[in-house]
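A quick write-up on the structure given underneath.
What follows draws every value from the coordinates through simple rules; no lab data is involved. Please read all numbers here as calculations on a predicted model, not as lab measurements. All Cβ positions, glycine included, derive from the backbone under ideal geometry; neighbour counts span all protein chains shown.
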């Protein structure tokens with residue numbers, strides 16, 4: 001399904017004393033690629049929020065296989081697990097410049113009405129964008 005790959009240069013502030021990316025930064029990498037994934041699809045996270053749709057993270061699973069280091073260029077591939085309902089599940093693969101898998105992750109987010117704070121179905125226009133991607 002729909003994929004988006006972005007490149008990120010690891011900044012010094014994202015690393016620990018050993019020069020290795022601190023595990024907490026991966027959530028930010030995934031957020032960045034998730035926003036770009038939506039843009040690539042033709043949707044806007046900002047527009048969704050303006051329409052009263054929020055996407056809080058419900059669950060995040062991460063497997064750290066190898067470290068990423070300061071000043072290294074990493075790629076983060078984001079792909080959709082399945083057609084969303086009230087939840088959207090995205091998979092991530094982080095690779096180094098040698099194409100080695102460093103980290104694999106999955107996030108589950110819930111479409112939420114900003115006023116009521118209750119789950120809602122995936123907006124129809126996103127389903128249409130996903131359907132047009134498959135053709």
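Ellipticity at 222 nm from helices only: DSSP H runs of n ≥ 4 in the chain, each -39500 (n - 2.57), divided by the residue count, give -7500 deg cm²/dmol.
Ranked for footprinting exposure by Cβ neighbours inside 10 Å, fewest first, 30, 111 give 111, 30. For the chain, the longest principal axis of the alpha carbon atoms and the long axis of helix 124-134 meet at an angle near 60°. Note on residue 31 and residue 99: the extension gain reaches 22.3 nm, defined as 0.36 nm multiplied by sequence separation minus the Cα-Cα distance. Given [x] 29, 16, 12; [y] 19, 18, 15; [z] 30, 19, 13 as candidate values of semi-axes √(5λ) of the Cα gyration tensor in Å, which corresponds to the one derived from the coordinates? Correct label, based on the coordinates given: [x]. Compared with the dominant principal axis of the Cα atoms in the chain, helix 25-41 is inclined by about 50°. Structural descriptor for the chain: relative contact order 29 percent, calculated from alpha carbon pairs under 8 angstrom and at least 6 residues apart. Each of 76, 57 has some number of other Cβ atoms within 10 Å of its Cβ, and from fewest to most they run 57, 76. FRET efficiency for the pair residue 22 and residue 131, taken as 1/(1 + (r/R0)^6) with r the Cβ-Cβ distance and R0 = 35 Å, rounds to 0.35. Here is the size of region 1-78 from its Cα atoms: Rg then Dmax, 14.3, 44 Å. Sorted on the mean count of surrounding Cβ atoms within 10 Å across their residues, most packed first, peptides 4-10, 48-54 read 4-10, 48-54.
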